[in-house]
Amino acid sequence: MVSKWRKKHLSMDDTLEEFLQSQNNFMPIRYSYSQIKKMSGHFQDKLGEGGYGSVFKGKLRSGRLVAIKMLGKAKANGQDFINEVATIGRIHHVNVVSLVGFCSEGTKRALVYDFMPKGSLDKYVSPREGHISLSWKKMYEISLGVARGIEYLHRGCDIQILHFDIKPHNILLDENFVPKISDFGLAKLYSTDDSIVSVTAARGTIGYIAPELVFRRIGGVSYKADVYSFGMLLMEMSGKRKRLDTTTDNNSSQTYFPLWVYNEMVQGKITEVDDAIAKEDENIIKKITIVGLWCIQIRPCDRPSMRKVIQMLEGHVENLKLPPEPTFNIEQVPTENVEEATNPTWSSLTSVGTSESVRLVIDVE
């Protein structure tokens with residue numbers, strides 16, 4: 001048993017080291033673990049934690065503030081670590097978080113990012129005590145920034161980067177509330193010529209995962225999976241999930257969220273709020289909601305590209321048309337003759353109360 005354990009971890013270390021050496025031309029700074037401890041003040045200021053590990057606030061010798069993600073138990077031969085370094089390490093965009101450096105020393109692995117003083121977007125789409133509520137104009141600017149970041153990942157690099165985990169928790173905000181896409185642990189890199197990509201497991205977060213990652217019969221996996229997740233993000237930003245939670249009873253846990261939003265829009269209830277709302281804000285809510293509905297179409301081929309999404313967000317709301325009515329039953333969706341991956345209940349992945357931060361990984365081999 002000891003021998004097997006040693007071989008496994010030695011193989012993992014070899015894989016990581018081989019990768020790090022091969023990518024040396026564009027890599028960020030490689031820190032030692034002692035440097036990581038020093039810049040974090042021996043891990044005194046903890047910013048948060050999750051299944052990946054913990055994040056601490058730190059400071060470089062230059063005085064630059066950073067966020068240090070200490071990775072927990074390694075999985076898949078350190079694949080999450082490799083994904084992060086391989087993606088963020090090679091790209092630079094105003095709407096993608098910057099990777100300052102990393103540490104890979106024995107079992108100690110860390111990622112060093114620019115510090116984002118305003119935290120993650122989830123604090124503002126579901127405001128907590130002590131956090132301010134953002135204006136609709138600011139929410140619109142954030143949605144447009146996220147869209148530009150995703151479009152850059154899809155078409156702006158020499159490779160195609162699919163994120164597979166777009167959600168409010170993974171959108172960080174700088175001091176001016178400029179959004180930065182983060183957490184590339186589930187990301188995949190593909191050639192820009194690949195329209196359909198190969199994945200061996202459904203990946204993402206319940207409530208944001210695209211249906212084709214679970215039901216292969218409705219279409220192949222492509223960049224449209226990120227488009228779907230972005231659509232659900234827009235619904236969160238427009239407050240639709242929160243409003244549905246407060247307007248449905250305890251027995252309606254299987255309410256199909258996209259259909260509910262569609263009906264609200266058709267009935268003219270989409271901008272109903274407690275206080276009077278300005279016409280400009282009303283148009284923003286309508287625009288975000290309509291674009292979101294287009295993004296969360298069940299079939300990938302019915303969703304717009306991120307470039308088209310940006311055009312719709314930048315255009316006039318009067319020029320936007322409602323998409324077809326969303327279907328609740330996955331069996332009613334026309335297929336593209338693609339093999340079924342697995343068979344969970346689709347409503348359980350899209351209904352009320354399923355947007356919690358739980359990553360879904362389903363083996364489909």
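A quick yes/no check of all residues on (1) part of a loop (DSSP other than H, G, I, E, B); (2) among the aliphatic types (A, V, I, L, M); (3) without any contact (Cβ under 8 Å) to a residue 24 or more places away in the chain:
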| position | (1), (2), (3) |
| --- | --- |
| Val94 | yes, yes, no |
| Ala110 | no, yes, no |
| Tyr113 | no, no, no |
| Lys118 | yes, no, no |
| Met139 | no, yes, no |
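Residues in the range 317-333 that are among the hydrophobic types (A, V, I, L, M, F, W, C) and at pLDDT below 80 were compared, and the one that is most open to solvent (accessible area, probe 1.4 Å) is Phe328. Residues considered: Glu336, Glu314. Of these, the only one that is acidic (Asp, Glu) and modelled with pLDDT under 95 is Glu336. If the condition is being closer than 18 Å to Val100 by Cα and either open to solvent by 90 Å² or more (accessible area, probe 1.4 Å) or part of a helix (DSSP H, G or I) (or both), then the range 30-56 contributes Arg30, Tyr33, Ser34, Gln35, Ile36, Lys37, Lys38, Met39. Scanning the range 283-295 for residues that are under 20 Å from Lys224 (Cα atoms), open to solvent by less than 10 Å² (accessible area, probe 1.4 Å) and among the hydrophobic types (A, V, I, L, M, F, W, C) gives Ile288, Val291, Leu293, Cys295.
Residues that are hydrophobic (A, V, I, L, M, F, W, C) and within 17 Å of Ser120 (Cβ to Cβ) do occur in the range 144-158, at least one of them.
The values are calculated or read from the model by the stated rules, or taken from the named source; none is laboratory data. On a predicted model such as this, the values are computed, not experimentally measured, just so you know. Note: ideal-geometry Cβ built from the backbone for every residue, glycine included; neighbour counts use all protein chains shown. The accessibility values were calculated without ligands, DNA or RNA, using every heavy atom of the protein model including side chains. Shrake-Rupley method; radii C 1.70, N 1.55, O 1.52, S 1.80 Å.
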